[in-house]
1. Report the label-to-label distance for B:Glu280 and B:Asp306 in nanometres (one decimal), using points 7 Å from each Cα along the Cα→Cβ vector.
2. Just give the residues from the stretch A:42-78 buried by at least 50 square angstrom of accessible area in the all-chains context relative to the isolated chain, probe 1.4 Å, and say none if nothing qualifies.
3. Run lengths n ≥ 4 of DSSP H only: what is the helix-derived mean residue ellipticity at 222 nm for the protein assembly as shown, with -39500 (n - 2.57) per run over all residues, to the nearest 500?
4. Could you work out what % of the accessible surface of chain A is carbon and sulfur, using a 1.4 angstrom probe and leaving DNA, RNA and ligands out of the count?
5. Enter the accessible area of A:Ser294 (Å², nearest 10), with the probe set to 1.4 Å and all protein chains included.
6. Please count, across chain A, the pairs of lysine residues with Cα atoms under 18 Å apart that sit 8 or more places apart or on different chains.
7. Provide the per residue accessible area, probe 1.4 Å, for the protein assembly as shown, rounded to a whole number of square angstrom.
8. With +1 assigned to the C-beta of every Lys and Arg and -1 to the C-beta of every Asp and Glu, and no other charges, what is the dipole magnitude of the stretch A:230-284 about the Cα centre in debye, to the nearest 20?
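The values are calculated or read from the model by the stated rules, or taken from the named source; none is laboratory data. In this text, all values refer to a predicted model and were calculated from it rather than measured experimentally. With ideal geometry, Cβ positions are generated from the backbone for all residues, glycine too; neighbour counts draw on all protein chains shown. Quick note on the areas: whole protein, heavy atoms, side chains included, nothing else; ligands and nucleic acids left out. Shrake-Rupley method; radii C 1.70, N 1.55, O 1.52, S 1.80 Å.
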Amino acid sequence: MTAASRQMKLGAFLWATGHHIAAWRHPQAHVTAGIDIDHYIQLARTAEAAKFDLLFCEDAAGLREADVGIASQTSRSIGFEPISLLSALAVQTSRIGLVSTASTSYNEPYGLARTFLSLDHLSGGRAGWNLVTSASQIEAANFGSTGLRPHADRYERAREFAEVVTGLWHGKLDGTSGSGHDGQSFSVRGPLDLPRSPQGAPVMVQAGASDVGRDLAARTADVVFTAAQTFEEAKAFYDDLKGRLAAYGRERDDIKIMPGVAPVVAETEAEAREKYEELQELIPDDVGVALLSSYLSIADLWRYPIDGPLPELPATEGMQSRQALVIEQSRRDNLSIRQLARHFAGARGHWRIVGTAAQVADELQARFEGGAADGFNVMPSYFPGELDAFATLVVPELQRRGLFRKDYEGHTLREHLGLRRPA
Amino acid sequence: MDNGATMHLAVSLCPGTTDASRGAEPEFDRLARFAQKAEAAGLDMVLLADAAPASGGDAANRQVPFEATTLLAALATVTSRIGLVAMASTVAHQPYNLARRFASLDIISHGRAGWHATMAQAPREAANFSRPGGFSRDDFRRRTEEYIGIVQGLWTGWDADALLFDKGGGRFHDPDRMHLLDHKGEFFSVRGPLNVARSPQDRPVLVLSGLSVSDMDIAARTADVILLEERPAEETKASRDDLKRRVAARGRDPDAVKVLMDVLPVTGGEPAGLADKLEEQFRSTSCDGFNILMPAELSAIDDFVDLVLPELRRRDLFRQGYRGATLRSHLGLGGGGDQ
């Protein structure tokens, strides 16, 4: 396959002051990001000028940390609600895709379908929905739930939710007699009171990597975000998911798999290392351990000696796939809780590359050409500096190698991603 | 200073209207020009309608292809002074999600956002939200009252000085200045706090409409703006007086709630005629102003702004321009913003 025939897709993953847990403390980080819309407009324009496929906003309907003391040492307790944020960005940009997370546990499909379709119209066909089932007790407490639903139930509700949403987008629930949806979790008469999407339907994104999550993705997703530390993990996930598509009558190219990557890039490798160490030094131990605890879905990790190994953990109703990834890494690299917490806090279990533009491009190229990724969801350590660094250093290197577009091929997100327009 | 001598003016973009002159111009650009025209004229706010009907019949008549809160966010980036108020249904959104959305809109608009809630159930809406039977009138009232209390409580969960941004000390915010809501009620339980900062107006403006007699106390306790449907002057006057009495009985300043009357301008009528009508209604009902139900045609706003407004200003019935930057300040309301 020639470089020109297949190019990687790139997402700019916007989150708080940056993806590094201590990003907000960095001297160059924009600490008031969560209340400054102009900052986000600037980030969107930077990413669009660099020809990124999409902007991606993660979301949770509640605080990130159960412990208010821990929460107060991070910048993640406040920020823009992503639908309103992306709606504002939609009319301040003209080409870049706009993808937001929204939960199937705390929304109703009719309202969600309508909101994302509206974002799609505001942007001229550039919207996408990242489906999550929500795994946190903190969110559940904001929605009258007495407890988190079991993993399998959440995914069954999500499957039905996605079916209703796409049914509305595709005009199947048209309000005529007998066309309504009457299911286990939802009853929806339809139709939507908005015109059809400029790109056929907004793009469907998913990130759940458990077995049931993969099946749901194979059935409904256009794009899959994932976390993979090593080439082998990434390749195994890629092959597994692409292999599930045939069962749903879909082709391998119908899903774009974009693992997260957390690069720290500079003109020289030494500068990049220095930049990374500077960030790591800013992580308080209690914050690192708390973050690790929440990803492992256990509350009392702080009880264990911080310089000792990770204890044996029971299976949880939380994020099963992410938990397995962290545990595997701790055993493989023989890391203490402190080491794992610091390492993990930096990139939240995603793939970290520290180096020059050529080194970062080498790594991305290897996974892309090795059949482990269709593209990457780029997670800058802090904003705006690290997005600027990726845009000005890595993107030109990828373009020079023919691995990334020099200009947008089309106008809609589906066109950028090379996805078929739904009938 | 708002001394009651001048009126407040809102314009509503109505769904279901059609615009034959609509050409190739993108729909958003047209709506943006509408809002900009209203802003250039110094109007208090634009009300963005929203509807999610369940039947195919209504859908065909819809004109605006945007859900109102998303449209508000977009319009906020192309305007700088005018208030922007979106209708959002208490059936379509969970209170936590709605509170987040509007707090975020208030930050995006630098303190110009408002939430328009209605006490009237939209016919057939519930059929799209897994509630085929809808709510009884009484349940809907109690549920809406509880809902509004949650949203307004969430909006003030963070103290105005809660964010420290102290990089060196590692203190992003002060945990003692962040408060849980811990609401447990008949219809909802919501722990809080919101994960959006306190917004520039402290609380986005709450506009209430669709009031029946039994809703008056809820409105008197919670609303910043109350919209009354157009009725004979003496009925409007009675409702207005009743509302202001109830507001005072709640220990609020009667001037802290603005009562606006819906007005449907007769197209093709003499500008002086509409100005006369507004002046007459303003004086006879003692209302605080009007909500002009405007077809979303640029010609309609042009006529109002270019012909009717100068007449109102000539009679000293409408202020010359904006004095503050927030919607609360345009409306002469307390709390938040640049009073």
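1. Rounded to a tenth, the inter-label distance reads 2.7 nm.
2. At a threshold of 50 Å² (probe 1.4 Å), the residues of the stretch A:42-78 that become less exposed are A:Leu63, A:Ser72, A:Ile78.
3. Counting only the DSSP helices, I get -11000 deg cm²/dmol.
4. C and S atoms contribute 49 percent here.
5. Answer for A:Ser294: close to 60 Å² accessible.
6. Summing the qualifying lysine pairs gives 9.
7. Numbers: 27140 Å² over 762 residues.
I get 36 Å² per residue for the protein assembly as shown.
8. With only Lys, Arg, Asp and Glu charged at Cβ, the dipole is about 540 debye.
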